[in-house]
Structure formats: structure tokens, C-alpha cells
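Peer 1: Take a look at this one; I'll ask things after.
The values are calculated or read from the model by the stated rules, or taken from the named source; none is laboratory data. From a predicted model like this one, the values you see are computed outputs, not experimental measurements. Because the Cβ atoms are built from the backbone with ideal geometry, glycine has one as well, and the counts that use them run over all protein chains shown.
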Amino acid sequence: MAQELKHVTISAPGFLGINTQDSPIGLDPAYASIADNCVIDQLGRVGARKGYDLLTTNGPAVLGTSRGIEAMVEFVSRTGVKTVFSAGNNKIFTGTTTLVECTLPAGYVITDNDWKMVSFNNDVYFFQKGHAPLESIVGSTTLTLLPTTGGNVVPQGNEILAAYGRLWTCDIVDNKYTVYWSSLLAGDDWNGGSSGSVDLTTVWPNGYDEVVALAEHNNFLLVFGKKSIIVYSGAESPNSELTLHDTIEGTGCIARDSIQSTGTDLLFLSSRGVMSLGRLLQQKSLPLNDISKNVRTDLLSLVSVEEQSNGHREAIKAVYSPIDAFYLITFPESGIVYCFDVRQPLENGSFRVTTWSSLKPTAFFLFVDDTLYMGQVLGIAKYAGYLDGDERYQLRYFSNPNDFQSPANLKFLKKFNLTIIGGQGTPTTLNWGYDYTSAFTKQEFTFGSSNIAEYGLSEYNTDAEYSASIVIQTPKVNSTGSGSVVTVGIEAEINDAAFSIQKIDILALIGRLI
Amino acid sequence: MALNQSAFNQALTTPMQNVSPTTGFNQSAFTSALTTPVQNVSPTGFNQTTFNQAAQTGASTLSGMLGSSNTSGFDLGGFAQGLLGAGVDYYAGQQDIDAQAQFGQMSNQAAQQMGQQAVQGTSFKPFSVTTGAGTTQTDAQGGFNLGLSPEQAAMQAQLTQQAGGLFGGVTGDVGQASQDIYNQIRAIQNPEEQRDQLRLNEKLFARGRGGVSSAQYGGQGAEQFGFNQAQQEAMNQAAFQARQMALGEQQQQLALGQGLLGQAYVPQQQQLDALTAGTNIANIAGTGQRQGAQLQAELGGTGLEALLRSYESGLAGEQTQRNQLVDLLLGSGQGANAVEGLLGGSSLGGSLGAAVGVGDAPTPQWIKDLGNDAKSWLGL
């Protein structure tokens, strides 16, 4: 007598993101063990990230064999003129399509590309450790050297923040304990007017720390040390009212460019992972949350790689895209980007996280039109489309080992019914394996091409195209083998088409007790 | 008649001894003293009895030797009588001249002596005034010495020295005095300022502002700037206050110095006041002395006049007696009133002429002795 097949459905597989920290057994099947080049789409599904559209045409000529564009900023003048400044190959450029090298002050030598650039009071300021700060007046491509001698020497800080009507800087060579601020509305006046500084030597809660970054959040000035955070209020009048509001011990920021504000939270990379510093409404202290706890070990291992490779963490870049609702943090040395979906935190407070590989961005910047731009080896790229440049990229989703809530029984997988959204012409491979193996059984299939809705395109009087607005693929794959726990994976070579895994239905035969 | 010079001088001196600044004018002693010379200058000084006896004896002897004039033809008696009368008149006149000259000389001497006594009696007698502050001694030249007692002198020296010290402060360096006062004020203010600074530091570091450095506030935080500003204001105020106090102290020192200096001379002033009072009292005594001297001089003058008059009377009486004696010996009157003297007329004969050296006979020794005796009588 034939046994009844047990029907197991994994709806929206991986929509809780990657979880590599908890024991896979008994873990919610909505967690994924691998969700690479994925995002959590607007419908809560695991889908393919977008690729990038390389804008720069003269990248090899100006960037050579460097790591590419490692910093950039879009400056919009008061008259609305937009100028994109970028840095790479020890040069500073303007433009996106054609990178034009800026004119540096005479004799000025750039030895690194860890610039932090901010727009302030209709000018752009360039700060980097060990370099005299530069200024682009009203977007000029001829950069001005801020004073390095005399009575108005500008601190050569590694961090620069424009907030409260003035510039703030810190992290100077041999001085990692002082925060400086410029005179009001004068980014080039650091010794007169209302400029000033605060020595944090006696303020660090753990006695000693090194200031790494600055941020403005919830009307507080946050001074990030490596292992602690100092929360100052009254930064609008720092000379007279800057007051210590709170200190956070044990958590700091280890990567200057990891700090991003989501509007409600301030996200940054700490030695514990990516942290979220929330806004406070009633509490005295800012609520601090670890949003990367599901991938903590993997993420911190990448931090170590980055530090070991570069000697510092300035290459770690991050960006927040409100349109895409994610926070990206890239580890260029590892070629990995962690993507945190910021829509809704999970029950444990973490954010749904996926990884991006093969994209290898070296810089991010969200332009004023909310378009995400990123630095690439060959120049500036726009986060768009479903190709990395002209190349396909692979989406990988693998579930955690699943015992179908019958841990003591063998499972015989009989059939997979997949529901894929999009994926036209996308070569896809279904993987399954038993008992924690990484030697998966694979079944390849390719979805046929299909036209999807072409909204906004005028095709009047052309050949009629009959298609649904959303392409839904429902491949069915027969499977073999048995085991106590089952791991399922989908690998799809994204080919210029969206790809989202809506559902995976598994028909399995529950066998005897082991 | 001879003046008892020593008694007269003694009499003149005595009343001056009776005028003393301390005992006043002894009127009775003065009167007694004045009475004494008068007694001594009385006619009794002229030994009338001895004079009469000598005159009697001589006349008897001469009469015995000459006998009666009626015994000779030559009126030798009348001649001798006339000769003797002329000699006696000459002698008597010469005696009067000599006596008056001697008397005038004695009167002059007595007047000078009285003048000297008056000068001595009215001259300034130095006196001393002794109070608790010391003794002031005047001198004959009209000067005086304010002799303070050792205690008062020491006090005066001390006060003067202290005043000098204070005056030294008055003319001292105001800047240094101000600095000293300023340091004292700051020493008072410093502890509280240090406590304020500590409280400020606690507040600053508790608020994480301990390390704030601002160009707006001169390289420091607003609180520290405010504190320093307040401190500087306090310092400025202290400096200003110190200056005022230094000037005030100089005024006080000046006043104190003046006071001390004035006090230092108070004993002298007291001495001067006492001298004034003593001078008044001395004037009282001096006035008595001068009045006594004046009275003595006046009385002395009066006595001298009385003496002169008595001498004049005595001389007049003596002249009268001499005239009577001459008349007795040689006769008097003329005509019917003529009275024959012992040596005139009949009683004076030849033998008598010879006996008295008339003619070639030598002058008998008895006439010579008689002349010498008369000379001795007259004190010549």
C-alpha cells in the first residue's frame, strides 16, 4: 500500500534572511543559510538584487589598475548645478561618464583614496587622514588647499561631518582624542570665530578610546570611538552648551564610512556587528540594537579580512537606500556586500540580511534623486538592471537543513513545485541534499523568455504582444534520495530579468523512524 | 662828725633781703631795716660831748696861758684876738667846705649804692616750674629750658619715632602698598575661588566639557571663560580696592602721625602752659620785689634826704657851736654890744704876747698842740 506523501510548503523561502548563527535544526524554514545576490523584495520574497550599469567610459584610462572609485559625493549647488566628485587612483575626479581629474593645489600629493567628502555651505570639503584638507568652492574643479600653516591651521582629520551649521572633524594622526569644530558657517576657519575643540580624554567611559567617526542623530552629536560612543547634546552651541548626554560603553564604530542614517535609526559597524542606534522618544538612552546578530560571525570575519588586507577599515563603505529599503555595507577585499532589509526588524531585533557577491562595489553614494551609485573598478556605476555591467550574476538561495518537523523520520523527497516570479530566460538550478551535505543533487532548468509589461513604452502600431504584467514560472522537478534533514537550494543566473522565489512546495514521503 | 659807713650799707642791704619771690615782702623787717640807718646816721654820731669838753679844755688852757689883756700897753691882745679870730674863721670855713665835700661824696656813693640795690632788687630772678611732665628752668637771660621728665621724654621720643614711621608710610610707595593689600585681598579670595574652580571642574567634566577649547572664549570653554572673567573682574576690583585702601591708609597714617606728633608735644605744651602759669605767679613775686625795691629806693632816698638834712643840721649846729666858741674866746659884738673874749682886751698883756710868740718870741708849743688837736677834732 502506497504511503501518503507529506506536503511541505516553504512559502517565501528565505524571506527572514540569512541565519547562520542559530542551530539550523528546528529553525524556521523562512531563514536561509545562503541568500547571495539576493534582496528581500517588496513582497517579502527572496529575489535577485539589481546589477549595475557602468556609467564611466574612461575608467581604465584614469583609474588604471587601482581599486577603482573608492569615494564619491554628489554636490548640488544653490543654483541646482550638480557635480559628482569621486576619488580613486590617488586622484580626484568630477563627472560620472567621463571622469575629469580635478586640479589640485600646486605640489599637493595624494597618497590614498580614503577621502571623506561633504557638502557644506555651497562648498565641498575633502578630508583624509594625513592630508591637508581641500575645498571645492561652489563645485569648482580646481581645489583649494585649506590653510596648513600660520594661525589658522585646519586639522587634518580623517572624519568630517557637516552638522549644526559647522564642520566637525576628528581622528588626526597622533591625536585620536580631540574633536574639532569650525567656526559657524565657515568651513575654512578652524581657529577663529566660534571654532573650538573638545578633548575626550576624560570623557571616554572606559578610560581610553580612539575617536573614529562623528554623526548627528536625534539632535545629538555622536562621537564614535572604537569601543564606546559619546552622546553630546547642545552641539548647536558647542562652545557654551555642548554637554555630555550619555555614553555607551562596549560598542563603538570600527569603520568610518559604515555610518548611515535611515531616518529613524543610525546604522554603523561595530566590533559586535552592524548596530542600530534608534531614536529616543521617552527613554533617556538611545536604544541600541544589534541588527546583524543572525550573521555576526560571518560578517565579523570579513571585517578581519578587510583590516588585515588594508591595515585600516576605511575601505568598508555603506549606504542606505530608502527606495530599496536596504542598508548595504561592502567589504571590498572579500568582495562581499551585506544587505540589510530595513523595512521591519525580526523578532530578535535583527534585520533580514542577504549577501551580495560579484558586485564588489568600492564606494556608495545615494544621489539626490535617490538613485544608488557605486564605485567600481572601472568607474562609477548605477545600481540598476539585472546585469553586472554586461555580465550575468548568480543568485543563490539555500535553506537551512529542514527536518519537516519530523526529526526522527527519514524523508524521501519526491517532487518540487517551484513558483518563481520573473526569471525569464534565466538558467536555474535546483539543489537538494540530505543530512547537511554540501554535495547537492542538482537539477537545471531554464525558464523560457517572455515579454512582460512594458509600462511607459509606446508601441502603438507595432506587433501585438500578449502577456501578463508579471511572469510567473512554476517549474516542477522530480527529486530522489532520502535523509533525515533536507537542504534545498536554488541557483539562478540572473540574466537581465528579475527573479524572485515565491514558493517552494516539496512533496516528500515520510519514512520509518531512524 | 663821721658817717658810719658799714652800718649805713648794712641798713641799705637789709630790706632787699626781705623781698623774696617765695616769702613775699616783709614789711616789718623792711621798716626795721630802714629805721636802723636813720638811727645810725643820727647826730649822735657826732660826738658833741667830746667836742664840747675838748673845746672847754682848750679854752681854759689858752686862757691860763694868756692871762688878761689889760696887763700890756700894746693892744697885743686885740691883735692876737683878731688874728686868732681870722684863723678860727678860716679854719671853721675850711672845715665846712671839707665836711660838705665829704658829705656830697658820701651822698653820691649812697645814691649809687641804692641804685645798685634797686637794680639788684628789680632784676629778673630765674625760676623753675615743676609739673608731672618735668621741670622748666628759666635763666637770667630770659630763656628757659623745657626739661621733660625721663618718662615723658621717652614717651615723646617714642611718639615722635612712631609718627616718623607713619610719615614714612605716608610718603611710601603707593604701588607697593597697593600690591601688598591686593595680595592680602587675593589671599582671602583665593580659597573660595579654588573651591569654585573645583566645582566648575566637576561640573565641566561631568558634562563632558572639561576638554572644551573655544576660540570664541579665548581657547577655553564658556564656563571657564566666565569663571576666569569673574576672577579677573575680582582681581581688577581687588586692585582698585587695594589702591583706594592704600591711599586711605596713607591718609590714616598721616592723621595718626599728626596725632602722634601732636601728642608727642603735649607734655611740652603742658610745660609751656605751666610756665605761663608760673610766670604769672613769678610776676606776682617780681611785682612785690620790684615794688619793694622801688619802695626801698624811695625810702632809701627819703632816708638819704633825711640823712642829708640831718647832716646839714649837724653841720649848721657845728658851725654855730664853732662860732660860739670863737666868740667865747675872742669876743663878739661891737659897740655897746661888744663882749670881750677870753683872749681879748686887758687880759691879754706883754707876757702873754711873748707867751704866745708875739714879737720875736717863738710860737709856744702849746699853740701848736692846740692847732693839732683842733685838726684832729675836726677829723682833718
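Peer 1: With a cut-off of at least 3 residues that are over 17 Å from the mean Cα position of the chain (by Cα), name the strands (runs of 3 or more DSSP E) lying wholly within region A:209-305.
Peer 2: By residue number, A:211-217, A:220-225, A:228-233, A:243-249.
Peer 1: If you don't mind, there's one more thing I want to ask. Sort out which residues of region B:201-250 are more than 25 Å from residue B:191 (Cβ to Cβ), free of Cβ contacts under 8 Å to residues at least 60 places away in the same chain and more than 11 Å from chain A (Cβ to nearest Cβ), and write them in order of number.
Peer 2: B:248
Peer 1: For region B:331-376, how many residues are assigned to a strand (DSSP E or B) and modelled with pLDDT of 70 or more?
Peer 2: 3
Peer 1: Also, I was wondering about something else. Consider region B:164-179. How many of its residues are over 60 Å from the mean Cα position of the chain (by Cα) and in contact (Cβ under 8 Å) with a residue 60 or more places away in the chain?
Peer 2: 2
Peer 1: Right, here's the next one. Name the single residue, out of those in region A:184-222 being more than 17 Å from residue A:248 (Cβ to Cβ) and among the acidic types (Asp, Glu), that is farthest from the other protein chains (Cβ to nearest Cβ).
Peer 2: Here the residue is A:188.
Peer 1: Okay, moving on. Can you tell me how many residues within region A:417-438 are surrounded by 22 or more Cβ atoms within 10 Å (Cβ to Cβ) and not hydrophobic (A, V, I, L, M, F, W, C)?
Peer 2: 4
Peer 1: Determine the pairs where a residue that is in a strand (DSSP E or B), located within region A:135-163, has a partner that is among the charged types (D, E, K, R) with Cβ atoms under 6 Å apart, the partner being 6 or more residues away or on another chain.
Peer 2: A:135/A:123; A:137/A:123; A:144/A:135; A:159/A:171; A:159/A:256; A:160/A:116; A:163/A:216
Peer 1: Just checking, does region B:253-269 include any residue being in contact with a strand residue (DSSP E or B) (Cβ under 9 Å, 6 or more places away or on another chain) and free of Cβ contacts under 8 Å to residues at least 40 places away in the same chain?
Peer 2: There is no residue in region B:253-269 that is in contact with a strand residue (DSSP E or B) (Cβ under 9 Å, 6 or more places away or on another chain) and free of Cβ contacts under 8 Å to residues at least 40 places away in the same chain.
Peer 1: Is it the case that region B:108-126 has a residue that's outside any helix (DSSP H, G or I), exposed (fewer than 15 other Cβ atoms within 10 Å of the Cβ) and without any contact (Cβ under 8 Å) to a residue 40 or more places away in the chain?
Peer 2: Yes, region B:108-126 has at least one match.
Peer 1: With on the phi < 0 side of the Ramachandran plot, away from every other protein chain (no Cβ under 14 Å) and in contact with a helix residue (DSSP H, G or I) (Cβ under 6 Å, 6 or more places away or on another chain) as the only criterion, which of B:175, B:169 stands out?
Peer 2: Within the list B:175, B:169, the selection yields B:169.
Peer 1: Just to verify a result, which residue in region A:169-183, among those that are away from chain B (no Cβ under 12 Å) and assigned to a loop (DSSP other than H, G, I, E, B), is surrounded by the most Cβ atoms within 10 Å (Cβ to Cβ)?
Peer 2: Step by step, filter region A:169-183, then rank; the result is A:171.
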